[in-house]
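J.: This is the structure, below, for whatever I ask next.
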Amino acid sequence: MKTAAGSVTGLRCLACNAFYPPELLYRCTACAGILEVERAKPFRRWDPSDFVREEVTLGEGGTPLRQVPSSLLHPDFRGALLVKDETRNPSGSFKDRLVAAALSRAIEFGASGIVSASSGNAGAAAACYAANAGIPAIICCPETTPHGKLAQIMAYGATLERVSGHYGNSFQRAMELCDQHGYVNLTTTYLNPYGVDALRLVGQEIFEALGGILPGWISIPTSSGPLVKGVFQGFLDTAEQVPRLVAAQSEGCAPIARAFAGGQDTVEPWELPQTIASGISDPLQGYPEEGSHTLSLIRKSGGEAVAVPDNYIKDAMVALARKAGLFCEPTGATSLAACRRLFSEGKIGMPDTVVCIITGHGFKDFSAWSDVEAHGIPS
Ligand SMILES: [Zn+2]
């Protein structure tokens, strides 16, 4: 059977350019830099089976790109607004794409179990795919993780370890557990290069769904930023150019947007994340270079990194549900909230085509919906 390693030629360090064979490696052994999967050329169109093994896939990816009312962005916006609905993945978030690919490779490396540090969605994805593959999973989550996400992780039968403090502590704990048990680390920052690699498909899917036309903007809820990289690479692979990408963050945790606004090339870790958007509450403590890499891709695309307040995020979340029938968690709506701000600042123009990626389902975080008022009966 075809392996998920199909066209993989090796791993390349983004910092020092060192090259490694396609082995299980999380960081450059020479300089601790981020590793990127290199694939044989010429490849212009990827197939999901280039990344995910047949016995691992649960039908992730291939999510709909659909047009929604332009007024969702702004009443004066006259362009096209589309949503890439990643809530439709098997465990309800785009993390299924990374986990399916990283687990496929982990199985090829003979993994006896997996570990994932997660703010919730990646953990749910890892628990889901591990259950189907019949291998044990340990998920490390911050104590502040929404109950819905924790319940989902436990429902799939994974071992859940709640770790005090912010996401960085869970990240460190997952590394310890991998060493202790000899398990493969499926954490979905830039840590596992095989997971990140599969996100190329997101860019490719958007380009193909638009009939081979480059949109003006693609807005992406952003933590450390693998999804930014995936969209960037996917467009480069298939379109040979990249639309302007938006890294959408919450003002309560915006290390990349802060560096962008300050004209810096390097991202500094955030101090204390405080936001309703739990999926993008990673302060990047311990690996700020991941944010710096994402920032460089945003700049290369001619795009923007934007921080929005939580009330903008909540307004966007409610608008998506009520005007587009799309029920998402706060993190998922951050992409639209950021575009609303860019429009009001005159950066997004009247005739632009804007794509917002909606990353996670509303069932993930019911508490975020609990204070949303019901509409009265229309008179
Ligand atoms: Zn290196």
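J.: With the other protein chains left in place, how much accessible area per residue, in square angstrom, belongs to the chain at a 1.4 angstrom probe?
T.: 37 Å²
J.: On to the next question. Rounded to a whole number, what % of the accessible area of the stretch 61-370 do carbon and sulfur atoms account for, probe 1.4 Å?
T.: The C+S portion of the solvent-accessible surface of the stretch 61-370 is 51 percent.
J.: Then there is this: So, in nm, how far is label Gln180 from label His147 when the simple model puts each one 7 Å beyond its Cα toward the Cβ?
T.: In this crude spin-label approximation the distance works out to 2.8 nm.
J.: Follow-up. So which trypsin sites (Lys or Arg not before Pro) in the stretch 75-167 end up in coil per DSSP with only 13 or fewer other C-beta atoms within 10 Å?
T.: Counting only loop positions with at most 13 other Cβ atoms within 10 Å, the trypsin sites (Lys or Arg not before Pro) in the stretch 75-167 are Arg78.
J.: Please work out how much length the chain gains when fully extended from Arg299 to Gln274, using 0.36 nm per residue of separation minus the C-alpha to C-alpha distance, in nm with one decimal.
T.: 6.4 nm
J.: From the cross-link list Lys149/Lys314; Lys95/Lys314; Lys41/Lys300; Lys95/Lys149; Lys149/Lys347, which pairs have alpha carbons spaced over 24 Å apart?
T.: Check vs 24 Å cut-off fails for Lys149/Lys347.
J.: For the chain, state the semi-axes of the equivalent ellipsoid (square roots of 5 times the eigenvalues of the alpha-carbon gyration tensor), sorted largest first and rounded to whole angstrom.
T.: Working through the eigenvalues yields semi-axes of 30, 24, 20 Å.
J.: Need one number: nm distance between label points at Glu345 and Ser164, each 7 Å from Cα along Cα→Cβ, rounded to one decimal.
T.: 3.8 nm
J.: What is the Cα centroid distance between the stretch 115-140 and the stretch 205-264, reported in whole angstrom?
T.: 26 Å
J.: So what's the back-of-envelope 222 nm ellipticity for the chain, counting only DSSP H runs of four-plus at -39500 (n - 2.57) apiece and dividing by all residues, rounded to 500?
T.: -10500 deg cm²/dmol
J.: Cα-Cα pairs above 20 Å in the stretch 242-379: how many percent?
T.: Counting every Cα pair in the stretch 242-379, those more than 20 Å apart make up 47 percent.
J.: Could you check which residue among Ile135, Ile218, Ile153 shows the biggest mean-square fluctuation in a GNM of the chain with a 10 Å Cα cutoff?
T.: Among Ile135, Ile218, Ile153, the largest GNM mean-square fluctuation belongs to Ile135.
The values are calculated or read from the model by the stated rules, or taken from the named source; none is laboratory data. All values derive from a computational prediction rather than experimental measurement. No Cβ is skipped: glycine too gets one built from the backbone with ideal geometry, and neighbour counts run over all protein chains shown. Just the protein is used for accessible areas: all its heavy atoms, side chains included, with ligands, DNA and RNA removed. Shrake-Rupley method; radii C 1.70, N 1.55, O 1.52, S 1.80 Å.
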